[in-house]
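Derivation of every value follows stated rules applied to the coordinates shown; laboratory data play no part. The shown structure was predicted, so the numbers you read here are calculated from the model rather than taken from an experiment. Every residue, glycine as well, gets a Cβ built from its backbone with ideal geometry; the counts of neighbours run over all protein chains shown.
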């Protein structure tokens with residue numbers, strides 16, 4: 001059986017097919033993750049208890065997570081960038097080291113121009129410079145980096161897999 005990788009990077013060996021009710025639950029919670037089961041159940045055609053069971057099943061299987069999403073600007077993190085990293089050697093080791101950095105919000109192993117892409121959030125450009133120069137570039141296996149400053153986020157969505 002082929003191994004798949006879930007959103008958190010953990011190996012997954014099973015794909016969980018979603019029915020229409022599962023998709024409806026996910027869609028509703030993507031709009032309001034704090035919705036009560038009493039409100040969710042009728043919206044998706046289930047009782048409160050059945051909605052709770054379905055949500056628990058979806059979260060236990062790793063199909064979805066219910067988390068708080070913060071606004072980086074309100075936390076004083078005004079500098080957002082993507083860092084493209086070229087690697088020699090085992091790209092997984094470098095990606096894991098970058099993922100350990102608190103400023104790294106999103107780390108991907110990719111095919112193409114860069115081996116690793118990391119979205120980072122920093123207080124300002126001085127902190128971004130220190131992050132790239134003093135903490136990312138010295139990681140064993142990093143050959144080069146390229147920083148792409150994010151000037152404006154045009155779209156951010158969490159509505160994957162329900163359409």
Practice problem: Go through 26-33, 14-21 and give me the packing order, highest mean Cβ count within 10 Å leading. | Solution: 26-33, 14-21
Quiz item: Which order, highest average first, do 150-157, 53-60 follow once you tally other Cβ atoms within 10 Å for each residue and take the mean per peptide?
Solution: 53-60, 150-157
